[in-house]
Amino acid sequence: MSMEKKDINIAVIDLYNGEPNQGMRCIQDHLYEKQCKYQDLAINYDIYESRLRGDVPDFDKYDIYISSGGPGSPFSDEGTAWENSYFDLLDKVWNHNQKSDEKKYIFFICHSFQIMSRFFQLGDVVQRDRKSFGIVPINLTPDGTNDAIFSHLSDPFYGADFRGWQVINQNKSRFEELGAKLLALEYDRPELRLERAMMAIRISDEIIGTQFHPEADPPSMYYHFRQAERKQQVVDEYGEEAYFEMINHLENPENINLTKKTVLPGFLRYAIEELSQTHTV
């Protein structure tokens with residue numbers, strides 16, 4: 001067997017449905033970084049606008065999938081052709097990984113995390129009483145503190161969180177059946193007496209998802225917060241003090257930057273290095 005390494009092909013599944021966003025730019029920044037770092041590997045990526053155009057990446061072509069955030073309800077496209085194709089892709093990846101040594105890898109972000117939770121039946125996907133919007137503290141679970149990626153974060157760590165929906169009421173029997181681990185929970189606020197949302201789940205060594213946006217960076221957050229309508233939304237819901245607290249978080253490089261440098265890069269590094277060992281011809 002020759003040790004010449006084959007290409008690593010990545011599919012980015014864009015679920016923003018044509019809505020302007022910074023998430024796709026941030027995801028591509030992570031991929032550019034890996035292309036520069038692993039210059040001995042040919043790392044290629046394609047973008048699929050699945051909600052907008054109905055195109056879902058091919059199972060055979062790609063090694064790594066990153067599924068983005070997006071607006072609206074995780075049930076809004078229930079039963080549509082694209083979502084059926086998306087679920088078919090997840091089913092193929094899961095079954096493939098059970099029997100093949102050459103794995104496929106998936107990372108789910110925010111909206112995708114909620115859809116993934118529906119597919120794997122990980123808990124109840126429900127609408128929040130109040131939309132979460134901003135940079136928020138997130139607690140690690142015991143499994144999170146021992147995770148290959150999340151163990152490098154503080155407890156609490158900070159994440160960019162934009163959601164009108166959430167996944168609660170962990171389906172523990174389903175977690176056990178899959179071998180999944182709950183890595184992070186919504187920050188504990190005992191005075192609220194509310195069910196805490198699941199914020200990060202590792203389904204397997206190859207499949208992981210986060211409710212928050214690990215790709216977010218300070219420029220993307222400043223872009224959000226400087227828009228008058230978004231600022232007003234935060235002020236109306238949380239007050240002006242909360243708005244400026246969010247801005248202050250951006251001034252602390254350890255907050256959001258630590259998450260940005262740790263989570264998605266850690267996933268990509270593991271996937272690429274594992275694939276580089278198995279992708280030989």
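If you check Asp46, Asp129, Asp77, which single one turns out to be assigned to a strand (DSSP E or B), out of contact with any strand residue (DSSP E or B) (no Cβ under 9 Å at 6 or more places or on another chain), more than 25 Å from Phe175 (Cβ to Cβ) and of a type outside the set (Phe, Trp, Tyr)?
Asp129
To keep it simple, each residue is scored yes or no on (1) under 25 Å from Tyr222 (Cβ atoms); (2) surrounded by 19 or more Cβ atoms within 10 Å (Cβ to Cβ); (3) touching a helix residue (DSSP H, G or I) at 6+ places or on another chain (Cβ under 9 Å); (4) acidic (Asp, Glu).
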{"position": "Ile13", "(1), (2), (3), (4)": "no, yes, yes, no"}
{"position": "Asn17", "(1), (2), (3), (4)": "yes, no, yes, no"}
{"position": "Ser50", "(1), (2), (3), (4)": "no, yes, yes, no"}
{"position": "Ser73", "(1), (2), (3), (4)": "no, no, yes, no"}
{"position": "Glu83", "(1), (2), (3), (4)": "no, yes, yes, yes"}
{"position": "Asn95", "(1), (2), (3), (4)": "no, no, no, no"}
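Among the candidates Thr80, Thr145, which residue alone is closer than 30 Å to Ala242 by Cα and hydroxyl-bearing (Ser, Thr, Tyr)?
None of the others qualify; the one that does is Thr145.
Restricting to segment 187-223, name every residue that is among the acidic types (Asp, Glu) and closer than 21 Å to Phe267 by Cβ. Outline the logic, then answer.
Filtering segment 187-223 for residues among the acidic types (Asp, Glu) gives 188, 191, 195, 205-206, 215, 217.
Scanning segment 187-223 gives Asp205, Glu206, Glu215, Asp217.
Check Asp63, Asp55, Asp77, Asp14 and return the single one that is out of contact with any Asp or Glu (no Cβ under 7 Å at 6 or more places or on another chain) and at negative phi.
The conditions single out Asp63.
For Gly79, only one of the following conditions fails: (1) surrounded by fewer than 19 Cβ atoms within 10 Å (Cβ to Cβ); (2) within 22 Å of His224 (Cβ to Cβ); (3) of a type in the set (Gly, Ala, Ser). What is its number?
So Gly79 meets the others, but not (2).
Looking only at segment 256-281, how many residues end up being touching a strand residue (DSSP E or B) at 6+ places or on another chain (Cβ under 7 Å) and either modelled with pLDDT under 90 or not polar (S, T, N, Q) (or both)?
Selection size over segment 256-281: 10.
Report, by residue number, each residue of segment 18-43 that is closer than 21 Å to Ala271 by Cα, assigned to a loop (DSSP other than H, G, I, E, B) and touching a residue at least 12 places away in the same chain (Cβ under 8 Å).
Tyr38, Asp40, Leu41, Ala42
Can you spot a residue in segment 227-243 that is modelled with pLDDT under 95 and outside any helix (DSSP H, G or I)?
For segment 227-243, residues modelled with pLDDT under 95 and outside any helix (DSSP H, G or I): present.
Could you please let me know if Glu251 is over 18 Å from the mean Cα position of the chain (by Cα), within 21 Å of Ile106 (Cα to Cα), free of Cβ contacts under 8 Å to residues at least 60 places away in the same chain and surrounded by fewer than 20 Cβ atoms within 10 Å (Cβ to Cβ)?
Details: over 18 Å from the mean Cα position of the chain (by Cα): yes; within 21 Å of Ile106 (Cα to Cα): no; free of Cβ contacts under 8 Å to residues at least 60 places away in the same chain: yes; surrounded by fewer than 20 Cβ atoms within 10 Å (Cβ to Cβ): yes.
Spelling it out, it is not the case that Glu251 is over 18 Å from the mean Cα position of the chain (by Cα), within 21 Å of Ile106 (Cα to Cα), free of Cβ contacts under 8 Å to residues at least 60 places away in the same chain and surrounded by fewer than 20 Cβ atoms within 10 Å (Cβ to Cβ).
Tell me, yes or no, whether segment 117-132 has at least one residue that is in contact with a Phe, Trp or Tyr (Cβ under 9 Å, 6 or more places away or on another chain), polar (S, T, N, Q) and buried (at least 21 other Cβ atoms within 10 Å of the Cβ).
yes
The values are calculated or read from the model by the stated rules, or taken from the named source; none is laboratory data. Given the structure is predicted, the values throughout are model-derived calculations rather than measurements. Using ideal geometry, Cβ is built from the backbone for each residue, glycine included, and neighbour counts are taken over all protein chains shown.
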